[in-house]
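Shown next, in structure tokens, is the structure this report addresses.
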Amino acid sequence: MRMEQIITTVRGFDGALAVVAEHGGDLPEIAWGDVFFYHAPDGQMPNNVQPYGTIVTKDYPGDTASALDPADRWRVNVHVDRATFRELTGEEPRALTRPRDYAAADSVVPHPVYGELGWICVVNPGPETADTVVALLRAAHDAARARSERRHAAGRPRQDG
């Protein structure tokens, strides 16, 4: 599965916004080339909401275990609920103990930095994980939409995410 396919798929979700950090754009230089997924029916990047999924295209300081710096390596990151996290990893998010190969392609693993917060990731999704990645992004999008609707119903300003 190519990165562009994932972006196109997520953009097809109702109210989805895929923000691609472009060279010379408004987002910090370190993020250039990366993608951030939000529920944002107004088409504007929310100010006070974290993305529910991302695609990163390079190693970050303190996040090098996936070995993303070589060309054509990238990683999809998705926030999932605890039950899904347990199903995918066999562990609780806040109790990770198993060693993992975070650089292995086409394999679902806890995020090397944010796994304890319920994030999973896949380096270069392929035949083994492509359908799972899309399903996880769909579920994360639906959860973000539900949070936004609850905030709106409670009379709080909509922060779409």
Return the total of residues in the range 51-72 being in contact (Cβ under 8 Å) with a residue 12 or more places away in the chain, more than 19 Å from Gly115 (Cβ to Cβ) and out of contact with any Phe, Trp or Tyr (no Cβ under 6 Å at 6 or more places or on another chain). 2
Looking at the range 32-79, which of the residues that are β-branched (Val, Ile, Thr), in contact with a helix residue (DSSP H, G or I) (Cβ under 9 Å, 6 or more places away or on another chain) and assigned to a loop (DSSP other than H, G, I, E, B) is modelled with the lowest pLDDT? Val49
Do the conditions hold for Pro110, that is, is it at pLDDT 95 or above and farther than 25 Å from Pro46 by Cα? yes
Of the residues Phe13, Phe37, only one is under 22 Å from Val113 (Cα atoms), surrounded by 18 or more Cβ atoms within 10 Å (Cβ to Cβ) and of a type in the set (A, V, I, L, M, F, W, C); which? Phe37
If the Cβ limit is 7 Å and pairs must be 6+ apart or interchain, which residue in the range 109-126 that is assigned to a helix (DSSP H, G or I) pairs with which residue that is hydrophobic (A, V, I, L, M, F, W, C)? Gly115/Leu96; Glu116/Leu96
Is there a residue being within 22 Å of Met3 (Cα to Cα), part of a loop (DSSP other than H, G, I, E, B) and touching a residue at least 12 places away in the same chain (Cβ under 8 Å) anywhere in the range 82-92? no
Counted residues in the range 8-42 being within 18 Å of Ala143 (Cα to Cα) and either touching a Pro at 6+ places or on another chain (Cβ under 7 Å) or not hydroxyl-bearing (Ser, Thr, Tyr) (or both) come to 16
How many of the residues in the range 16-31 are crowded, with 17+ Cβ neighbours inside 10 Å and assigned to a loop (DSSP other than H, G, I, E, B)? 1
Hey, among Ala104, Ala67, which residue is farther than 20 Å from Pro127 by Cβ and hydrophobic (A, V, I, L, M, F, W, C)? Ala67
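The values are calculated or read from the model by the stated rules, or taken from the named source; none is laboratory data. Here the structure is a predicted model, which means the values were calculated and not measured. Here the Cβ is made from the backbone with ideal geometry for all residues, glycine too, and neighbour counts use every protein chain on show.
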